[in-house]
Amino acid sequence: MALIDATDLSRTFVVRRKDAGRRSLRRRREEVHAVHGVTFSVEPGEMVGYIGPNGAGKSTTIKMLTGILVPTGGRLTVAGVEPSRHRTELARRIGVVFGQRTTLWWDLPLRDSFELLQKIYAIEPARYRENLDAFVTLLELGDLLDTPVRQLSLGQRMRGDITAALLHDPEVLYLDEPTIGLDVVSKGRLREFLRTLNAERGTTLLLTTHDLQDIEALCDRVIVIDHGTLAYDGTLAGLHGRGGSMRTLVVDLVDEAPAISVPGASVRRVEGPRQWLSFPADASAAPVVAAVAASYAVADLSIQEPDIEDVIRELYSRS
Amino acid sequence: MLYVAVATRTFRRYSTYVGATVAGIFTNSVFGVIYSFAYLALWDQRPDAGGYDGSDAVTYVWIGQALLMTVAVWGGGTTDDLAERIRTGDVAIDLYRPVGMMGWYLAGDLGRAAYHLLTRGIGPTVLAWLLFDQFDFPGSVQAALGFVLSLVLAVVTSFAIRWLVACSAFWLLDQSGLRMMAGALALFFSGMALPLVIFPEPWRTIALALPWASYLQTPADIWLGKREGLDLLAALAQQGVWIAVLLGLGQLVLRSATRKVVVQGG
Ligand SMILES: Nc1ncnc2c1ncn2[C@@H]1O[C@H](COP(=O)(O)OP(=O)(O)OP(=O)(O)O)[C@@H](O)[C@H]1O
Ligand SMILES: [Mg+2]
């Protein structure tokens, strides 16, 4: 059975805006379809990237998944129950990390926050010790346990937050922009940790991010949402095909020449002796390279793989 | 126990603000002295106003100063944290935890009250005992125990009212207007401005029946030995009834807030 099952999931917000231009106190009622008819399901053990541009509805979806926001339409079950009706019961089985907020107590040392969580989730003492030791080692938190949270750096706090979300052995972990504001090294370590978590404990991961490297490093599956509606659901590889993405052949000629003309590729840019040719990502590069080499004096060649960001930008602009 | 852990941690959190505490004790003491002389002058004119004598009046003043922060008459306490977390959206984190939110915040507020009692309660009281002959401690064990119980109920009553005010932030986003109004009402109807027993009828009867009487008038009357035996039990029972009503209401408001209203921020 699917762990997460969303059918036609929707959330509409009603906002009141002052009428522009008119000098009246009347406010116009306006509906914002933050999430609109989204259908997907997630199996236990999956790592799913939930991506989309700003305001797409990602955080709104996560809030509904945790049960703190009630859907206005459609059906949603997580671990067999409706989150908003069984919020506290479900809370024992899920973990949440918000990149922009902390679940830790600002004035308390990390250790105290963890101890409170042990009591909140009624974690068995032996299991608590074991988990704490494991995460403290994996996330290198040892020296920070006695530091008040407000004195931690963003990256340190994030590691604390992730530990806090995992102490009670949740089946599924939602991460809303977990890598926001982290440096490259911290991002790398965090990704590695999440991969280990999924491999060793089978924890299901659903993460939102604006950093596509997170997705490339972690997720076999991506769900793209835009303006509240589902734009794509499938493998990362499939997304390339979907976006009609192109590979680029960069040719350095011995001398400047007019635009190269070979079958199966077209010139996108010419700069002195260097030319950029693009051809479909699913076609082989060999015939194009051979054709160029046969007709021109070539000094150097290189191939650029399609950029996932371009693919997604393409997808956003079409939907 | 979780709630004990929450209470001790809030206690510890408040205890980090030593400077504020010292300044507060000083302020309470200054006001205590001023009010004591004012009340003595008043009771000189009307020696049995409200059934109090001069000594009762001075004692009442100092109980008031001791309870001002403990009961959070003006507002404040963990309910301010709640209102702030509603405004910023951090309440989302409170909401998805598998423990009742109200019990959580109440436990914290009791920890806060304990801290304020030990510092801003006991500090001025010691001074009163040194400076004013008229200041009396409870005359019996019954009065002393009754006072302690009544004080706990006072904190919970105040919490319940502050909770309702803070929850308004779910709809209004900002509790501050309502908080100020509630503070003014509490200041007047708790007996902090003037003892409720010297209000003219029918105001006296009305004020004594309202929940704010719990804040100061009821515990003070028990301390002064004005309510003994069955009457003491009736006083505690009245506090209990208001608590049941107000906490019940608070729970309802929280439930409707989480069903209808929205957690802010992405
Ligand atoms: N409480 C609210 N009241 C009104 N509109 C809201 C509310 N919360 C979100 N919205 C609207 O719903 C839409 C989706 O917001 P959401 O926070 O889910 O986006 P997001 O995908 O998480 O974006 P980001 O990448 O910027 O975090 C936005 O248009 C936003 O303005
Ligand atoms: Mg968001």
Quiz item: Which residue out of B:96, B:105 is touching a Gly at 6+ places or on another chain (Cβ under 7 Å), within 14 Å of another protein chain (Cβ to nearest Cβ), of a type outside the set (Val, Ile, Thr) and buried (at least 18 other Cβ atoms within 10 Å of the Cβ)?
Solution: B:96
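Is it fair to say residue A:69 is within 16 Å of ligand 1 (Cβ to nearest atom), closer than 24 Å to residue A:208 by Cα, in contact (Cβ under 8 Å) with a residue 12 or more places away in the chain and away from chain B (no Cβ under 12 Å)?
Judged against the criteria, residue A:69 is not a match.
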Quiz item: Residues of segment A:98-124 being farther than 20 Å from residue A:147 by Cα, modelled with pLDDT of 90 or more and either basic (Lys, Arg) or surrounded by 17 or more Cβ atoms within 10 Å (Cβ to Cβ) (or both), which ones?
Solution: A:119, A:120, A:121, A:123
Quiz prompt | Checklist (1) touching a residue at least 60 places away in the same chain (Cβ under 8 Å); (2) under 20 Å from residue B:158 (Cβ atoms); (3) within 14 Å of another protein chain (Cβ to nearest Cβ) applied to residue B:74, failing item | solution = (3)
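To keep it simple, each residue is scored yes or no on (1) of a type in the set (A, V, I, L, M); (2) in contact (Cβ under 8 Å) with a residue 60 or more places away in the chain; (3) closer than 30 Å to residue B:133 by Cβ; (4) part of a helix (DSSP H, G or I).
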position	(1), (2), (3), (4)
B:27	no, no, yes, yes
B:37	no, no, yes, yes
B:59	no, yes, yes, yes
B:63	yes, yes, yes, yes
B:79	no, yes, no, yes
B:110	yes, yes, no, yes
B:113	yes, no, yes, yes
B:116	no, yes, yes, yes
B:119	no, yes, yes, yes
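One line per residue, one yes/no per condition, for (1) within 16 Å of ligand 1 (Cβ to nearest atom); (2) outside any strand (DSSP E or B); (3) of a type outside the set (A, V, I, L, M, F, W, C); (4) touching a Gly at 6+ places or on another chain (Cβ under 7 Å):
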site: A:15; (1), (2), (3), (4): yes, no, no, no
site: A:28; (1), (2), (3), (4): yes, no, yes, no
site: A:38; (1), (2), (3), (4): yes, no, no, no
site: A:90; (1), (2), (3), (4): no, yes, no, yes
Exercise. Could you tell me whether any residue of segment A:222-237 is in contact with a helix residue (DSSP H, G or I) (Cβ under 8 Å, 6 or more places away or on another chain), closer than 15 Å to residue A:311 by Cβ and modelled with pLDDT under 85?
Key: yes
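Would you say residue A:134 is more than 14 Å from chain B (Cβ to nearest Cβ), modelled with pLDDT of 90 or more, assigned to a helix (DSSP H, G or I) and away from ligand 1 (no atom under 16 Å from the Cβ)?
yes
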Exercise. Return the only residue of B:153, B:127, B:149 being over 30 Å from residue B:82 (Cβ atoms) and assigned to a helix (DSSP H, G or I).
Key: B:127
Quiz item: Any chance segment B:233-241 includes a residue that's of a type in the set (S, T, N, Q), in contact with a helix residue (DSSP H, G or I) (Cβ under 8 Å, 6 or more places away or on another chain) and at pLDDT 95 or above?
Solution: yes
Practice problem: Could you please give the count of residues in segment A:55-97 that are under 21 Å from residue A:31 (Cα atoms) and within 16 Å of ligand 2 (Cβ to nearest atom)? | Solution: 12
Quiz prompt | Any chance residue A:61 is in a helix (DSSP H, G or I), at pLDDT 90 or above and more than 10 Å from chain B (Cβ to nearest Cβ) | solution = yes
Quiz item: If you check A:245, A:186, which single one turns out to be more than 16 Å from ligand 2 (Cβ to nearest atom) and either within 14 Å of chain B (Cβ to nearest Cβ) or touching a residue at least 40 places away in the same chain (Cβ under 8 Å) (or both)?
Solution: A:245
Exercise. Could you please find all residues in segment B:1-38 being in contact with a helix residue (DSSP H, G or I) (Cβ under 6 Å, 6 or more places away or on another chain), among the aromatic types (Phe, Trp, Tyr) and within 14 Å of another protein chain (Cβ to nearest Cβ)?
Key: B:3, B:11, B:14
Quiz item: Listed residues B:90, B:56, B:44; which is farther than 24 Å from residue B:138 by Cβ, more than 20 Å from the chain's Cα centre (by Cα) and more than 14 Å from chain A (Cβ to nearest Cβ)?
Solution: B:44
Quiz item: Among (1) at pLDDT 90 or above; (2) surrounded by fewer than 19 Cβ atoms within 10 Å (Cβ to Cβ); (3) within 16 Å of the chain's Cα centre (by Cα), where does residue A:205 come up short?
Solution: (2)
Quiz item: Does residue A:218 satisfy the criteria of being within 16 Å of ligand 2 (Cβ to nearest atom), within 13 Å of the chain's Cα centre (by Cα), surrounded by 17 or more Cβ atoms within 10 Å (Cβ to Cβ) and away from every other protein chain (no Cβ under 14 Å)?
Solution: no
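The values are calculated or read from the model by the stated rules, or taken from the named source; none is laboratory data. Just so we're clear, the structure is a prediction, and the values are computed from it rather than from any experiment. Cβ coordinates were reconstructed from backbone atoms using ideal geometry, including for glycine residues, and neighbour counts include every protein chain displayed.
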